[in-house]
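Everything below concerns the one structure shown next.
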Amino acid sequence: MANPQPFPEVQGGGSLILAWQIKHKNVLVVGGGEVAAGRILNLLNADARVTVVCPSSGLNDEVRYRIAQNQVSHLDRVWLPIDLEPEKNVAMVLTAVDDPEASTRIWKYCKQMKVPANIADVPPECDFYFGSVHRDGPLQIMVSTNGNGPRLAAQIRRQIGEMLPVGTGDSIQKVGMLRRKLRRVAPGKATEDISKRMAWMSRVCDEWATEEFNKMDEEDMKVLVEGYEDNIVRSFESIRLGATDPDVVWQFDGSFGWM
Ligand SMILES: C[C@@]1(CC(=O)O)C2=NC(=C\c3[nH]c(c(CCC(=O)O)c3CC(=O)O)Cc3[nH]c(c(CC(=O)O)c3CCC(=O)O)/C=C3\N/C(=C\2)[C@@H](CCC(=O)O)[C@]3(C)CC(=O)O)/[C@H]1CCC(=O)O
Ligand SMILES: NC(=O)c1ccc[n+]([C@@H]2O[C@H](COP(=O)([O-])OP(=O)(O)OC[C@H]3O[C@@H](n4cnc5c(N)ncnc54)[C@H](O)[C@@H]3O)[C@@H](O)[C@H]2O)c1
């Protein structure tokens, strides 16, 4: 039966998928094996400040490399409650250890100290799950199966990645540059300024193809933003052809380019 309400239907049982801004915050990773190595890479990609607590004898090559490169700090021992002292300002704990009792101890202590934690492999001891992430510059797509099939999540993530046109990340980067340029040109903070900026930017995103953003250079951006005050969104084609009327895509001058 069709949904009688005009509002989206609630589908409980999912996760709240967010993009956690962990940049420059302290994260404690317990364990230094293969799973820890994957988690550390995710954290470094998000500019977190990472401390790994793990006896040297247990480090795998990748974690050892991150430590040697000073990409992460290292405590050469097993986890201790002092690792979560309030002055250490730990924003998040990730454990990837092969000792379930230690894992549960760490989880309970994290709850006592009110620090969000993920205990790899133990869903009931996770404030949040990891997902499989496709990364292309500023673009991140996370696939979660909500604990049903992590390996399938990785397969789906690969399929999604293969579907996307080459250069999608670069196109998004350009949109980011355009939005920053627009806010420099029109920095207003009043509600009507924000509404106008958002409406114009939404039109640009709807009217321009992703590949056109990819090709857009500094000069194109400048010309496009010049239309902002008058609420004009010129097409990529008209900008490249140098036409001034936004509705005139191309005016034939009879020259076929010979004059
Ligand atoms: C996505 C990914 C991210 C990452 O880890 O970074 C991730 N697991 C990955 C791989 C993977 N994990 C496991 C296998 C072996 C094959 C298999 O069992 O399927 C493989 C495949 C492999 O190794 O190839 C074993 C496993 N995993 C969990 C349990 C416990 C359980 O299910 O109860 C068991 C043991 C089951 C048992 O005892 O038999 C639990 C979790 N694993 C999650 C995330 C969370 C749910 C995410 C979701 O559902 O989408 C959740 C709930 C908690 C968490 O850990 O955050 C990463 C792929 C990254 C990538 O490659 O892109
Ligand atoms: N969720 C997932 O994606 C996923 C996938 C595969 C495995 N796992 C599970 O994650 C855990 C880790 O897997 P792995 O392959 O990295 O194992 P691993 O054996 O390679 O690494 C375990 C690490 O934990 C360290 N360690 C053990 N006790 C410790 C303690 N008290 N304090 C600090 N460090 C300690 C060891 O020295 C070692 O570095 C296992 O429980 C595994 O079953 C999870």
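The values are calculated or read from the model by the stated rules, or taken from the named source; none is laboratory data. Since the model is a prediction, treat every value here as computed from it, not as a measurement. When we count neighbours, we look across all protein chains shown, and the Cβ atoms used for this are built from the backbone with ideal geometry, even at glycine. Keep in mind that these areas ignore ligands, DNA and RNA; they rest on the heavy atoms of the full protein, side chains included. Shrake-Rupley method; radii C 1.70, N 1.55, O 1.52, S 1.80 Å.
Quick check on the chain: helices-only [θ] at 222 nm, where DSSP H runs of length 4 and up contribute -39,500 (n - 2.57) each and the sum goes over total residues. Nearest 500, please.
Result for the chain, helices only: -12000 deg cm²/dmol.
Among 110, 48, 213, which residue has its Cα positioned farthest towards the positive end of the charge dipole of the chain, with +1 placed on the Cβ of Lys and Arg, -1 on the Cβ of Asp and Glu, and the dipole taken about the Cα centre?
Of the candidates, 110 comes out farthest on the positive side.
For Cα pairs less than 8 Å apart in space and 6+ apart in sequence, what is the mean separation divided by the residue count of the chain, i.e. the relative contact order in percent?
Working: 309 pairs, mean separation 27.4, N = 259.
Computed over the chain, the figure is 11 percent.
So how much slack lies between residue 206 and residue 133, counting 0.36 nm per residue of separation and subtracting their Cα-Cα distance, in nm? Intermediate values should be presented prior to the final figure.
Values: separation 73, 0.36 × 73 = 26.28 nm, distance 2.59 nm.
Full extension from residue 206 to residue 133 adds 23.7 nm.
Take every Cα pair under 8 Å in region 168-241 that's 6+ residues apart, average their separations, divide by the length, and report that relative contact order as a whole percent. Numbers along the way, then the final one.
Numbers: 45 pairs, mean separation 29.8, N = 74.
Averaging sequence separation for qualifying contacts and normalising by length gives 40 percent for region 168-241.
Residue 231 label point, 7 Å along Cα→Cβ, cut-off 20 Å on backbone N: hits in region 164-203?
182-183, 185-203
Over the residues of region 1-118, compute the C-alpha Rg and express it relative to 2.2 N^0.38 Å.
On the way: Rg = 17.6 Å, N = 118, 2.2 N^0.38 = 13.5 Å.
Normalised Cα radius of gyration, region 1-118: 1.30.
First compute the accessible area of the chain with a 1.4 Å probe, then give the percent of it belonging to carbon and sulfur atoms.
Working: 8980 of 16880 Å².
That share works out to 53 percent.
Could you size up the charge dipole of the chain around its Cα centre, putting +1 on the beta carbon of Lys and Arg and -1 on that of Asp and Glu, and report it in debye to the nearest 20? Each step should come with its number before you reach the end.
Details: 30 positive and 35 negative charges, 179 e Å.
Charge dipole of the chain: 860 debye, to the nearest 20.
As an exercise, take the mean of 1/r over every pair of distinct alpha carbons in the chain, invert it, and state the Kirkwood radius in angstroms.
Numbers: mean 1/r = 0.0445 Å⁻¹.
The answer is 22.4 Å.
Rounded to the nearest 20 Debye, what is the dipole magnitude of region 27-152 about its Cα centre when Lys and Arg each give +1 and Asp and Glu each give -1 at the C-beta?
Details: 12 positive and 15 negative charges, 43 e Å.
Charge dipole of region 27-152: 200 debye, to the nearest 20.
Please work out the average accessible area per residue across region 25-181, using the 1.4 Å probe convention, and give it in Å².
On a per-residue basis, 57 Å².
May I ask you to list the trypsin sites (Lys or Arg not before Pro) in region 93-164 that are in a DSSP loop and have at most 16 other Cβ atoms within 10 Å of their Cβ?
Working: sites: 105, 108, 111, 114, 135, 151, 157, 158; in loops: 114.
The qualifying sites are 114.
Only bridges with both residues in the chain count here: give the DSSP antiparallel percent, nearest 5. Please report the intermediate quantities before stating the final value.
Details: 6 of 22 bridges.
Beta bridges within the chain, antiparallel portion: roughly 25 percent.
Only Lys, Arg, Asp and Glu count, each charged at its Cβ (+1, +1, -1, -1), so figure out the dipole size of region 136-225 about its Cα centre, rounded to 20 debye.
On the way: 15 positive and 13 negative charges, 94 e Å.
Using only the charged Cβ atoms, the result is roughly 460 debye.
How much FRET efficiency would the formula 1/(1 + (r/R0)^6) give for residue 11 and residue 71, where r is the Cβ-Cβ distance and R0 is 30 Å, rounded to 0.05? Let's see the in-between values first.
Values: r = 39 Å, r/R0 = 1.31.
Efficiency for this residue pair is about 0.15.
With all protein chains present and a 1.4 Å probe, how do 24, 134 order by accessible area, largest first?
Values: 24 110, 134 35 Å².
Result, largest first: 24, 134.
Once region 168-241 is represented by equal point scatterers at the alpha-carbon sites, with solvent omitted, what log10 I(q)/I(0) does the Debye formula produce at q = 0.11, 0.28 Å⁻¹?
-0.24, -1.51
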